[in-house]
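Contents: one structure, followed by commentary.
The values are calculated or read from the model by the stated rules, or taken from the named source; none is laboratory data. Here the structure is a predicted model, which means the values were calculated and not measured. Glycine gets a Cβ as well: all are built from the backbone with ideal geometry, and neighbour counts include every protein chain shown. Surface accessibility is based on the protein's heavy atoms, side chains included, excluding ligands, DNA and RNA. Shrake-Rupley method; radii C 1.70, N 1.55, O 1.52, S 1.80 Å.
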Amino acid sequence: MKSIKALLLLSFGAASVLTLAAEEVIQIHPRFDSGRLRTNTLLDGQSFNQWTNGTGFNWANNVGVNPQGIWYSFIRFAGPRAEGDTLFGAELADLHGMLDAAGSVTLRGDVLWHERDADFPVDPGVTVSVWLVPGMTIPEGQFPTFANTWPWNYPDSVKVTSFAPEETTPLRANFNAAEADPVTERSQMAYNLRIDLTAAIHAAIDAGTMTATTPWGIVFFPESMEDQRDVANNPAWLTREGTVLSGAYWEVVIQEGDPGDPVDPDPDTWAGFEIEESGWVDTGDFLGWIHPMGDFVYVLSLEGWMYLPAAHVETDGAWAFVIR
């Protein structure tokens with residue numbers, strides 16, 4: 001039987017509705033657009049660096065500290081890949097145009113696991129700061145280095161936000177769990193980590209630091225080390241603590257519209273409704289019980305699927321596509 005798409009207006013009782021916004025989902029290249037570095041304690045160059053090559057737990061983008069120095073990680077956009085392609089197979093100006101017109105720009109990914117040395121029996125993980133780095137570029141065919149990824153080497157870097165370990169839900173319990181059950185496909189991601197880049201990107205575009213020819217990146221840094229990064233043998237490094245991000249499947253969701261258009265930054269809710277541990281959501285008189293899966297929701301009362309991203313729901317209602 002062929003499925004027929006019908007347009008259904010959902011309403012909370014008010015006359016006005018929210019129309020669907022155009023949306024672009026930009027996926028990074030899982031091999032050449034993310035990586036991790038570990039500085040040495042003297043900060044006179046990198047002591048370890050790599051692209052996120054490999055599979056499973058090797059997708060780890062470490063952010064943290066140990067006696068050898070500071071771990072930090074990055075993803076990049078709109079620069080040449082190691083194999084010579086331009087990002088997304090599109091011109092840099094095209095990406096800039098989408099960002100300039102965006103009502104919201106959301107970076108989404110996941111934490112793989114939290115870690116800390118067993119001699120320090122407290123909750124593991126570090127608070128991660130997120131930096132927008134206009135101008136960040138890694139020359140074609142080269143590895144990421146301290147020189148080309150360290151955010152303070154770029155004058156226009158700006159701190160976007162930070163997130164604490166208790167604010168994230170790791171995909172795996174620890175390194176051993178990730179090694180035994182690696183995340184090897186995009187479908188295994190939960191995308192519980194969502195970072196709003198809208199204001200930072202618009203400010204950079206308005207200031208002229210992000211133009212149609214500017215490559216850029218995002219750097220993830222242990223926030224506690226931002227004001228201590230020039231102190232060798234810092235005792236904090238003994239904890240060997242870290243928040244390990246998934247480097248393989250970052251996505252940027254670009255939506256058109258006014259910057260005030262709603263987004264759902266809380267991974268524990270769907271459009272403001274609480275998500276049960278089972279994954280089901282009780283929306284009451286709106287849709288009843290639903291089960292979100294990405295931009296689709298299974299509606300129990302309809303016994304069918306509906307295309308309805310949470311970001312497109314307002315208190316007044318929403319437009320949605322129902323598959324029958």
Self-check item: Amide H within-cut-off set for Gly135, under 5 Å, with H built and near neighbours excluded
Solution: Trp216, Gly217
Self-check item: GluC sites (Glu not before Pro) lying in DSSP loop within the stretch 157-189, provided at most 16 other Cβ fall within 10 Å
Solution: Glu185
Quiz item: Which sequence of Asp295, Asp44 reflects their accessible areas, 1.4 Å probe, from the largest down?
Solution: Asp44, Asp295
Quiz item: Could you sort Trp131, Trp113 by accessible area so the largest value comes first, with the probe set to 1.4 Å?
Solution: Trp131, Trp113
Quiz item: Tell me, what does the Kirkwood hydrodynamic radius of the stretch 106-223 come to in angstroms if you use every pair of distinct C-alpha atoms?
Solution: 16.3
Self-check item: Leu107, Leu171, reordered so the largest accessible area comes first (probe 1.4 Å)
Solution: Leu171, Leu107
Quiz item: Given +1 on the Cβ of Lys and Arg, -1 on the Cβ of Asp and Glu, and no further charges, what dipole in debye does the stretch 145-217 carry about its Cα centre, rounded to the nearest 20?
Solution: 80
